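*Asks:* Take this structure first; my questions come after.
Since every read-out is calculated from the coordinates, none of them should be taken as a lab result. Since we're looking at a predicted model, the values are computed, not measured. For neighbour counting, all protein chains shown are included, and Cβ atoms are generated from backbone atoms with ideal geometry for every residue, glycine included.
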Amino acid sequence: MSAAPSIGKKTVRDVEVAGKRVLLRADLNVPLADGAVADDTRIRESLPTMRYLLDHGALPVVCSHLGRPKGRDESLSLAPVAGRLGNLLDREVLFAGDCVGAPAEEAIRAAAPGQTVLLENLRFHPGEEANDPAFARALASLADLYVDDAFGAAHRAHASTEGVTHYLPAVAGFLMEKEVRYLQTLVTDPPRPFAAVIGGAKVSTKIAAIEHLLPKLDLLLLGGGMANTFLVATGVDVRMSLVEREQVDVARRILDRARGRVDVLLPVDVVSADRFAADASTETTPVTAVPPGYMILDIGPTTVAAYTRALQRAQAVVWNGPMGVFELEPFAAGSAGIARAIAALDATTVVGGGETAQVVASLGLAPRLTHVSTGGGASLEMLEGRQLPGVAALMDA
Ligand code: ADP
Ligand code: MG
C-alpha cells in the first residue's frame, strides 16, 4: 500500500499524554474457556497503544466489553484478561471491579507510574449499550483524555465508543488507525487491478458491500452459500442449497451492472451433501449437476484453481466470507485453497469478517497477509462505505 495516508482523525501521536490519565477503549472481547483466555489475539493487537502510553508517561485506564452480559455476570468478568495483559505488557495491571464509581476511582488513585488499570466489563452497565449520557459522563470523569483503539466496536454508538467523546478530547489509537487506514484505502483508492472475494452464508448481509465496492472493482469472485443466489439468477438448479429467493433479482441486477466492467466469477464446480453434517454423503460435481436432494456446501477444486488463476493479476484483494461451511472438515477445502492463494500473492491483501479471519488464523496464514481485521461487523460496514460512529466521533486531524 502507498505511504500511510491519514485517516483524517487525530491519533494518540497528535496529543500530549505525559502525566495524563487516559481512558483507553480497547477491544478485549476475547474468547474464554474455563475462566481463562482462550485466544489472546485481541489483547496482543491492543498492546502497541498501551506501550506507547506507558512509555510516554501516561496512566492507561483500559476499558472493554466482553460478551453479551445482561447485567453483572461473573462468568464474563475481564479479571482473567488482566492477568494475561500484565504478562504480555510485562507490567503490573490493577483490576478495578467496576468500570465506574468508587472501585474504578480507587484503582486509578492507587496506580503508580508504569502501572495500568483495567476496568471491569463495560456491559455490566446497561448504560453502555444504551449510550446513556450519565454513564458516559461517569466513565469520562475517570480520565483527562480518551483514546479509542476498539475498531471491533466502532460500528456501535455506545457510551464507551461515542458517548464519552462528548466529555473528553478523543483520538484514535494505533490499531484503530491501522484498521481504518487499510479498509478506507481499499474502498476509496485501491491499487488496481482490485479483486473482491465475497462468500459467507447469506447474500442479504453482503449486498451493501458488493454494491459499494462494485464501481472500484476489476474482479469479483463469489463463493459460499451467498453464491447460490447468484447461481439461481443465472438459471442454475442448486437443488436443496440455501437460497434467498427474494434476493435473486438483486443478484441479477448486480450481474447486469458488472457486465463489461467487472469480471464476475461464480463457482463452476461444488461439493454438495445430502445433509448439513460432517458425516454426510458428499459429491463433487459441476455446478450444473448437483444431485437431487443435495445442498452445496463448498466450492470445488476446479473453482479454487480458476479463482487462484484469476487472482494472479490483482494488486489488491479484499476477502470477506468463507467459500464453504469450513467448520465441517469435508467442506473446508475451498476456503483453505482461497486463503492459500491470497496469502501467496504479492499484493495488498486484506481480510475482513469474523469467520474469514478464523479461516486464515487456523491455517497460520495471517502473517502472510497485509492485514487481517480484528473487527468483523466493523470491517463489513467499512466495505459498505459507511461512517463508523466510533470513528466519526474522534477529533478531526
Ligand atoms: P464472516 O464472519 O467472515 O463475515 P459470514 O458470517 O458472512 O462470514 O459467513 C460465515 C458462515 O457462512 C460460516 O459459518 C459458514 O459455515 C457459512 N457458509 C459458507 N458457505 C456456506 C454454504 N454453502 N451453505 C451454508 N452456509 C455456508
Ligand atoms: Mg460471521
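*Asks:* Which of G127, G353, G260 ends up with the largest GNM mean-square fluctuation for the chain, with Cα atoms connected below 10 Å?
*Replies:* Of G127, G353, G260, the Gaussian network model singles out G260 as fluctuating most.
*Asks:* A further question follows. Quote the relative contact order of the chain in percent (integer), defining contacts as alpha-carbon pairs under 8 Å separated by 6+ residues.
*Replies:* 16 percent
*Asks:* Another question, if that's okay. Return, ordered by residue number, the residues of the range 204-230 whose backbone nitrogen is under 19 Å from a label point located 7 Å along Cα→Cβ of R245.
*Replies:* From the range 204-230, the list is 204-205, 226-230.
*Asks:* Then there's this: Run the quick spin-label model on V268 and L363: label points 7 Å from Cα toward the beta carbon, then report their separation in nm to one decimal.
*Replies:* In this crude label model, V268 to L363 measures out at 2.0 nm.
*Asks:* May I pose another question? At a threshold of 8 angstrom on Cα-Cα distance, excluding pairs fewer than six apart, so keeping six or more, what relative contact order does the range 107-202 reach in percent?
*Replies:* The normalised contact order for the range 107-202 reaches 24 percent.
*Asks:* Please arrange F95, F276 by how many other C-beta atoms lie within 10 Å of their C-beta, fewest to most.
*Replies:* By the 10 Å Cβ count, ascending, the order reads F276, F95.
*Asks:* According to the square roots a ≥ b ≥ c of the eigenvalues of the Cα gyration tensor, what is the shape class of the range 252-372, taking rounded for a/c under 1.5, prolate for a/b larger than b/c otherwise, and oblate for the remainder?
*Replies:* Oblate.
*Asks:* Right, something else. How far is it, in nm, from the label point at R68 to the one at T288 when both lie 7 Å from their Cα along the line to the Cβ?
*Replies:* Using points 7 Å along Cα→Cβ, the separation is 4.3 nm.
*Asks:* Extension gain A280-E329, at 0.36 nm per residue separation less the Cα-Cα distance, in nm?
*Replies:* Result: 16.5 nm gained on full extension.
*Asks:* May I ask you to compute the full-extension gain from A110 to A392, defined as 0.36 nm times their residue separation minus their alpha-carbon distance, rounded to one decimal in nm?
*Replies:* Residue separation times 0.36 nm, minus the Cα-Cα distance, leaves 98.1 nm.
*Asks:* Might you report the magnitude of the Cβ-based charge dipole of the range 12-175 about its Cα centre, with Lys and Arg at +1 and Asp and Glu at -1, to the nearest 20 debye?
*Replies:* The calculation lands at about 80 debye.
*Asks:* Right, another one. Name the lysines eligible as straight-distance cross-link partners of K178: C-alpha to C-alpha under 26 Å, and not fewer than 8 places from it in the same chain.
*Replies:* Of all the lysines, those that pass the test against K178 - Cα under 26 Å, at least 8 places apart if same chain - are K9, K10, K20, K206, K216.
*Asks:* Would you look at the GNM of the chain, springs on alpha carbons closer than 10 Å, and say which of P103, P267, P60 moves the most?
*Replies:* Looking only at P103, P267, P60, the biggest GNM fluctuation is shown by P103.
*Asks:* Just from its helices, what would the mean residue ellipticity at 222 nm be for the chain, if runs of 4 or more DSSP H residues each count -39500 (n - 2.57) and the sum is divided by every residue, rounded to the nearest 500 deg cm²/dmol? Write down the numbers at each step before the final one.
*Replies:* Numbers: 14 runs with 131 residues, N = 397.
Result for the chain, helices only: -9500 deg cm²/dmol.
*Asks:* If you take every DSSP beta bridge whose two residues both sit in the chain, what share of them, in percent to the nearest 5, is antiparallel?
*Replies:* 25 percent
*Asks:* Follow-up question, since we're still on this one. When the Karplus curve 6.51 cos²θ - 1.76 cosθ + 1.60 is applied with θ = phi - 60°, which whole-Hz ³J(HN,Hα) does each residue of the range 212-228 get, with x for Gly and Pro?
*Replies:* 6, 6, 3, x, 9, 7, 10, 9, 10, 10, 10, x, x, x, 5, 5, 4
*Asks:* For the residues S75, S362, S272, what sequence is obtained by ranking on other C-beta atoms within 10 Å, fewest first?
*Replies:* S75, S362, S272
*Asks:* Which of these, A378, A195, A208, has the largest mean-square fluctuation under a Gaussian network model of the chain (Cα springs below 10 Å)?
*Replies:* Among A378, A195, A208, the largest GNM mean-square fluctuation belongs to A208.
*Asks:* Got a sec? Charge dipole of the chain, +1 on Cβ for Lys and Arg, -1 for Asp and Glu; which of Q184, L118, V81 is way out at the positive end?
*Replies:* Toward the positive end, the furthest listed residue is Q184.
*Asks:* Going by C-beta contacts inside 10 Å, put S373, S204 in order with the fewest on the left.
*Replies:* By the 10 Å Cβ count, ascending, the order reads S204, S373.
*Asks:* When a/c reaches 1.5 or more, the comparison of a/b and b/c decides; with that in mind, is the range 88-183 rounded, prolate or oblate per its Cα gyration tensor?
*Replies:* oblate
*Asks:* Let me spell out the model: positive unit charges on the Cβ of Lys and Arg, negative unit charges on the Cβ of Asp and Glu, origin at the Cα centre of the range 109-166. What dipole size does that give, in debye rounded to 20?
*Replies:* 120 debye
*Asks:* Quick one: grab the alpha carbon gyration tensor of the range 12-175, order the square roots of its eigenvalues as a ≥ b ≥ c, and give me rounded if a/c is under 1.5, else prolate or oblate depending on whether a/b is larger than b/c.
*Replies:* Working: a/c = 1.35, a/b = 1.07, b/c = 1.26.
It is rounded, given that a/c, with a ≥ b ≥ c, falls under 1.5.
*Asks:* Okay, moving on. Report the charge-dipole magnitude of the chain in Debye, nearest 20, computed about the Cα centre from +1 at each Lys and Arg Cβ and -1 at each Asp and Glu Cβ.
*Replies:* Roughly 880 debye, rounded to the nearest 20.
*Asks:* Express the relative contact order of the range 12-175 as a whole percentage, based on alpha carbon pairs under 8 Å and six or more residues apart in sequence.
*Replies:* 28 percent.
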